[in-house]
Amino acid sequence: MKAKKLLVIIRDLSFVVVFLASAALWADTIVYDHFNDNNLDSNWIIDYSYADGWTYSETGTNLSVTDVSSTIYNSGGGGTWGQAILQQNFNPVTDFNLGFNMSWDSQGSNSCMQFLRIYLMSDAGTIVGGAGYVDQSQVNSGMRYSQIGTVQFYAGSGDLPLSGSASINISRDTNNDVDILWNGASILSGENSEEITKILLTFGFYWGDFGYTQSFFGTGQVDLISLEGTPVPIESPIPEPTTIILIGCAIVGLVRRKK
């Protein structure tokens, strides 16, 4: 009778362990911000490496940026520009799904050469997935941008109006297939297996003095950032189900011998 009770306990315990192990593989909320509490979440790290500062507010459900003080310029990577960067770090994540809602306003001027982008980065600094609005032209409006690894997609100057909004989705499945959607339509697909460990949100503009006018930032708004994913399993001291079963069988054997 005692042996039967032990077997029942071992069986139930193994079910619990299997359940906990499978639950650990479900998608977790990694980053979520609806920008609706009038204060920038303290989890965001602000990086001024390429700017002196910025002007922003958080009201309603929007993070609104109206200026980037770009007196520190970066002359590499395709021109002179400045940006303010928001960053959050987290434990490594494999498959993921990112929702990102944003809007931009160039104040009716082609001289507003701003950009607003989001990136999911690996620990090595690789852009596993990135997308956003980019305006590199002083004579036209901006365009859609996306990137997976080293592969970039620019839709072309004038692709988007001087003001507008977009819902962006970046996802990766268990086969390491990455897909980037702009308002529900795929704009770039590829493959990348690097685990993501950080999220970057960048507000900036390309600096230029064209004699008759100087470029400026304009307004960029973010309504939602929602990142869900599967964290890389962390080694646990809890024994595996097979180990528990083997230990249980040994206990049962000892009990029977005593009888």
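The values are calculated or read from the model by the stated rules, or taken from the named source; none is laboratory data. Values in this document were obtained by computation on a predicted structure and should not be read as measured data. Cβ placement follows ideal geometry from the backbone for every residue including glycine, while neighbour counts extend to all protein chains displayed. SASA here: full protein model, heavy atoms, side chains in, ligands and nucleic acids out. Shrake-Rupley method; radii C 1.70, N 1.55, O 1.52, S 1.80 Å.
Is it the case that the range 94-114 has a residue that's among the hydrophobic types (A, V, I, L, M, F, W, C) and surrounded by fewer than 21 Cβ atoms within 10 Å (Cβ to Cβ)? No: the range 94-114 contains no residue that is among the hydrophobic types (A, V, I, L, M, F, W, C) and surrounded by fewer than 21 Cβ atoms within 10 Å (Cβ to Cβ). For residue 179, the test of being open to solvent by 30 Å² or more (accessible area, probe 1.4 Å) and in a strand (DSSP E or B) is passed. Of all residues in the range 139-150, those that are on the phi > 0 side of the Ramachandran plot have Cβ atoms under 8 Å from Cβ atoms of residues that are open to solvent by less than 20 Å² (accessible area, probe 1.4 Å) and modelled with pLDDT of 95 or more, 6 or more apart or on another chain, in 149/128; 149/192.
Taking the range 182-217 as the range and being modelled with pLDDT of 95 or more and not in a strand (DSSP E or B) as the test, the residues that pass are 183, 184, 192, 193, 194, 195. How many of the residues in the range 56-82 are assigned to a strand (DSSP E or B), modelled with pLDDT under 95 and either of a type in the set (Gly, Ala, Ser) or within 18 Å of the chain's Cα centre (by Cα) (or both)? Within the range 56-82, residues that are assigned to a strand (DSSP E or B), modelled with pLDDT under 95 and either of a type in the set (Gly, Ala, Ser) or within 18 Å of the chain's Cα centre (by Cα) (or both) number 2.
Selection of the range 37-52 for residues being exposed (fewer than 14 other Cβ atoms within 10 Å of the Cβ) and over 18 Å from residue 199 (Cα atoms) yields 37, 38, 39, 52.
Let's see how each residue does on (1) farther than 22 Å from residue 66 by Cα; (2) open to solvent by less than 60 Å² (accessible area, probe 1.4 Å); (3) not charged (D, E, K, R):
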{"residue": "119", "(1), (2), (3)": "no, yes, yes"}
{"residue": "129", "(1), (2), (3)": "yes, yes, yes"}
{"residue": "143", "(1), (2), (3)": "no, yes, yes"}
{"residue": "156", "(1), (2), (3)": "yes, yes, yes"}
{"residue": "165", "(1), (2), (3)": "no, no, yes"}
{"residue": "185", "(1), (2), (3)": "yes, yes, yes"}
{"residue": "190", "(1), (2), (3)": "yes, yes, yes"}
{"residue": "196", "(1), (2), (3)": "yes, yes, yes"}
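Kindly indicate whether residue 218 is at positive phi, open to solvent by less than 20 Å² (accessible area, probe 1.4 Å), over 15 Å from the mean Cα position of the chain (by Cα) and not basic (Lys, Arg). The answer is yes for residue 218.
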